[in-house]
Amino acid sequence: MPTKIKKIAKPVEEKPVTPAKSGRKIRLMQGNEAVALGALDAGVNFFAGYPITPSTEIAEILALELPKRGGVFIQMEDEIASISAITGASLAGAKSLTATSGPGFSLMQEGIGFAKITETPCVVVNVQRNGPSTGMPTSPAQGDIMQSRWGSHGDSPAIVLYPDSVKESYELTIRAVNLAEKYRTCVILLLDEVIGHMREAVTLPDIANIRIVSRIKPTIPRHWYKHYDENQKYLSPLASFGEGYRYNVTGLTHDALGFPTNKPNEANDMMERLRKKISYNIRDLVQIESREMEDAKIAIFTAGITARAAKSAVAAARAEGIPVGLLRPLTIWPFPDDAVRKMLRNVETVIVPELNQGQLIHEIRRLTKDKQDGNLIPIQRANGTLITPNEILRIIREVH
Amino acid sequence: MANIPQKIIHEYLRHDKKFPHVWCAGCSNGIVLGSIIRAIADMQLNRDDIVMVSGIGCSSRMPVYVDFNTLHTLHGRAIAYATGVKMFKPNLKVIVITGDGDCTAIGGNHLIHAARRNIDITVILINNNIYGMTGGQASPTTPHEAIATTAPYGNIEPDFDICNLAMGAGASFVARTTAFHAIETQNYVKEAINHNGFSMLEIVSSCPVIYGRLNKKGSPADMLKHMRDNSITLAAKEKLPKEKTEGKIIRGILKRDERTEFTDAYAQLVKKVMGGKHE
């Protein structure tokens, strides 16, 4: 299906932010710090949040930095208020972001759905921790992969980015803000607890070299303005409150003007618009890293911190002459169906390590009929510890 | 063409596709809407500068009908969305339309914290003592022993005094009136909007179709007369002996004080940390 619709959308190829030669100094920083800096460099000027381990440093840094730049920092009474405030601020014209972890992310789900149905740009950073419930707040887990896709009730396509390093946390924060503005939706950035708290050297790019995307502003008179204009490849202009357009925003199913409707045809238009906005732009949204996949007979498919372990395992196995490669989604939603199908055609075995009881693997299963038992190997753990390179290497040797 | 007299509503209502409204015949939401529109017309506020935010419930359907920037949000969350709007653009006049269930049950946390911050948001709470939209369940202001579909044997819970709640949480302007007192409502709306700080205006209203039927309160007109006959002004209350004021709805501006408004405080903070660099 995606091959057909790609032609219609002609998405812009967006290069990831690259460090400039005359860039700012190399800095040793945490993933959470990189997210905060990425947010500031992307032009975020509104943060509302509530303290929660292991994401709190993002709020603390922005509490320090935003007032210096004339931006707004506000600590809200809970996470529900936080997602609400960033959505309200975005409608007033802000580039807004919040940061949380599992329990807070669960509380935000209704508000995330509201931002999606009202097509209001905002970014939610979820520094994942072990769950369910309070779980182990300072231990890593990759348990929110499905929540980030399906957590809010109803059908609402998602854009979810997933870095595997501190540097990439910085880059993908900027990309998350850009995509939120471009696609007028709530973009989610998933971090692993370990990446949030791990310190790595990052070369920051020159501000001038960072690609910043801002929402399209209407240039038409008020009475022509449609808040959900269907004539712009589903990427329609967005007026801010106070600019004279006086439109209506509602979480009810609405027509192109933003007024509530119960008419099946108008409801259908809205739902299709939300769906197509993502599915027509798959090429623009999906980013993957492919490593040693050209001649691989064994592939590892994983994301985030687990991919770091997998990279070591791949290098070690390659040194032993085992043809193994890694496919890593930087965008986990929309899921990189085409790349995974290609991988499934070319390899005999796929290993899917993840810090949960099986989430990413369901997507692989969805795309394959022949690789089910022996050839689709899970490595799953949800006890607060990481999967090590050696564990992955052992499995690689076993299947080779 | 016929000579149609220009009315205020022609200017302030969204006429295309938004009517008929969702409210039942006899509902007092329309009276309150009229008072709000007249107040805003009197104040000659620019419609572009008004953001009307609401949550979920009968009263929260109001914004869709009026020609302002309108934001119909999630159940209980209107004040939190309004906080985001106001913090980013403090020059906008942010008015929250809400109900007793929306604001004091599911939204109670946002109410008390916005009041504590004293952010310049005008909350107009239309209190009909019931969840009307979902068909008559007990709310935090359903009176003790009143009947609701989820209190079929009579409500055993005590009710909130919304104005006391707002005052206790730190709201700097608190007033109460009833839907019967349309002119008073209009005046209090103006006072509340003009107040620089968090303002709570509770408007006691009626839900004849659901609350009224369940509790045998008579016709819509009977319920409005009840507001007239069972409310007294704050000034009258202070003169009368306690036994004569018990059970009465107390109308009036119950609190008005000047303390630092939150977006002003934030602007001061920005000025301080930017060392005068920010204009």
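Residues being within 18 Å of residue A:254 (Cα to Cα) and either aliphatic (A, V, I, L, M) or more than 7 Å from every other protein chain (Cβ to nearest Cβ) (or both): count how many of those fall in the range B:64-105.
Result for the range B:64-105: 6.
Can you tell me how many residues in the range B:23-40 are over 18 Å from the mean Cα position of the chain (by Cα) and among the aliphatic types (A, V, I, L, M)? Can you show your working first?
Taking the range B:23-40 and keeping what is over 18 Å from the mean Cα position of the chain (by Cα), we get B:24-26.
Remaining after also requiring among the aliphatic types (A, V, I, L, M): B:25.
Adding up the residues that qualify gives 1.
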Among the listed residues B:144, B:110, identify the single one that is surrounded by fewer than 18 Cβ atoms within 10 Å (Cβ to Cβ), touching a residue at least 12 places away in the same chain (Cβ under 8 Å) and not hydroxyl-bearing (Ser, Thr, Tyr).
B:144
Output the number of the condition that residue B:196 fails; it satisfies all remaining conditions of (1) at pLDDT 95 or above; (2) outside any loop (DSSP other than H, G, I, E, B).
(2)
Going through the range A:183-195 in order, the residues found to be crowded, with 24+ Cβ neighbours inside 10 Å and more than 21 Å from residue B:74 (Cβ to Cβ) are A:189, A:190, A:191, A:192, A:193, A:195
Anything in the range A:88-108 that is of a type outside the set (Ser, Thr, Tyr), under 18 Å from residue B:79 (Cα atoms) and assigned to a helix (DSSP H, G or I)? List them, or say none.
A:88, A:89, A:91, A:107, A:108
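Select from the range B:246-268 the residues that are acidic (Asp, Glu) and under 30 Å from residue A:72 (Cβ atoms) and write down the one among them that is surrounded by the most Cβ atoms within 10 Å (Cβ to Cβ).
The selected residue is B:261.
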Checking residue A:238 against (1) in a loop (DSSP other than H, G, I, E, B); (2) touching a helix residue (DSSP H, G or I) at 6+ places or on another chain (Cβ under 8 Å); (3) within 14 Å of chain B (Cβ to nearest Cβ): exactly one of these is not met. Which one?
(2)
Those residues of the range B:13-50 which are crowded, with 17+ Cβ neighbours inside 10 Å, within 14 Å of another protein chain (Cβ to nearest Cβ) and in contact with a strand residue (DSSP E or B) (Cβ under 6 Å, 6 or more places away or on another chain), in sequence order:
B:50
Does the range B:214-255 hold any residues that are assigned to a strand (DSSP E or B) and on the phi > 0 side of the Ramachandran plot, and which are they?
B:252
Are any residues in the range A:110-135 buried (at least 22 other Cβ atoms within 10 Å of the Cβ) and more than 14 Å from residue A:84 (Cα to Cα), and if so, which ones?
A:125, A:126, A:127, A:128, A:129, A:130
Yes/no for residue B:228 being within 20 Å of the chain's Cα centre (by Cα), surrounded by 18 or more Cβ atoms within 10 Å (Cβ to Cβ) and either within 14 Å of chain A (Cβ to nearest Cβ) or not small (Gly, Ala, Ser) (or both):
no
Quick check: is even one residue across the range A:71-86 without any contact (Cβ under 8 Å) to a residue 60 or more places away in the chain, at the interface with chain B (Cβ under 8 Å from one of its Cβ atoms), surrounded by 24 or more Cβ atoms within 10 Å (Cβ to Cβ) and touching a Cys at 6+ places or on another chain (Cβ under 9 Å)?
yes
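The values are calculated or read from the model by the stated rules, or taken from the named source; none is laboratory data. Keep in mind it's a predicted model, so treat the numbers as computed, not measured. All Cβ positions, glycine included, derive from the backbone under ideal geometry; neighbour counts span all protein chains shown.
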